[in-house]
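Notes follow once the structure below has been shown.
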Amino acid sequence: MIGVVATLEIQDGKQAEFEGVAKDLMAKVKANEPGCTTYQLYKAKGSETTYIFMEQYASAEALFAHGKTEYFTAAGPKLGPCLAGAPKIEMFDIVE
């Protein structure tokens with residue numbers, strides 16, 4: 001299992017636009033990627049502009065396939081204008 005935490009700072013005033021695109025992306029990932037066991041957006045408590053995606057993949061192949069999907073690549077140009085900076089992506093190995 002591979003865990004991913006993507007931290008995103010959103011421009012103030014762009015939260016609704018960002019959340020709309022992100023919710024559509026979440027629905028598509030959950031419906032189409034059996035190798036992705038978790039794909040959830042969270043908003044930081046006490047912040048109006050900090051969000052994270054918590055993701056979990058069954059394998060490196062599932063993670064790679066996620067990044068190549070049509071809906072993921074299409075979301076990038078829609079999410080980009082909402083960002084206040086580059087996302088911070090952290091990857092983790094599961095401890096069992």
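General remarks:
- Prolate/oblate/rounded call for the stretch 1-84, Cα gyration tensor, a/c under 1.5 rounded: prolate
- Taking all Cα pairs closer than 8 Å and separated by 6 or more residues, the relative contact order of the chain comes to 47 percent.
- Simple label model, 7 Å out from Cα along Cβ direction - residue 6 to residue 92, nm: 1.7 nm
- Reachable lysines, given that their alpha-carbon falls under 28 Å from the alpha-carbon of residue 45 and they are not under 8 places away in the same chain: 14, 23, 28, 30, 78, 88
- Helix 15-32 axis versus longest C-alpha principal axis of the chain: approximately 20°, rounded to the nearest ten.
- Placing unit charges on the Cβ atoms only, positive for Lys and Arg and negative for Asp and Glu, gives the chain a dipole magnitude near 220 debye about its Cα centre.
- Computed from the C-beta positions of residue 16 and residue 60 and an R0 of 41 Å, the FRET efficiency is 0.75 to the nearest 0.05.
- Helix-only [θ]222 nm of the chain, DSSP H runs n ≥ 4, -39500 (n - 2.57) each, per residue, nearest 500: -12000 deg cm²/dmol
No lab work stands behind these numbers, since they all come straight from the coordinates. What you see is a predicted model, and the numbers here were worked out from it, not measured in a lab. Cβ sites come from the backbone with ideal geometry, for glycine too, and all protein chains shown count toward neighbours.
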